[in-house]
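Written below as structure tokens is the structure these notes are about.
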Amino acid sequence: MARKRSKRWFLLYRKEDGQRVHLYEPLKKYELVSRIKKGWRVVE
């Protein structure tokens, strides 16, 4: 039986039109990689 990949909560941000936009959402690893490629950064 395969182990299901769980989602972890990440706080992301990026600048849009001079404003900082934050997102807090549960993501799987491939979803997180996709967001990073689209310009989002993870807040440590």
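A short reminder: the numbers here are calculations on the coordinates, not readings from a lab. Remember, it's a predicted structure, so these values are computed and weren't measured experimentally. A quick note on method: Cβ atoms are made from the backbone with ideal geometry, for glycine too, and the neighbour counts reach across all protein chains shown.
Tallying residues that are touching a Gly at 6+ places or on another chain (Cβ under 7 Å) and hydrophobic (A, V, I, L, M, F, W, C) within the chain yields 0. Quick check on this structure: which one of TYR24, TYR30 is in a strand (DSSP E or B) and among the hydroxyl-bearing types (Ser, Thr, Tyr)? Only one candidate passes the filter, namely TYR24.
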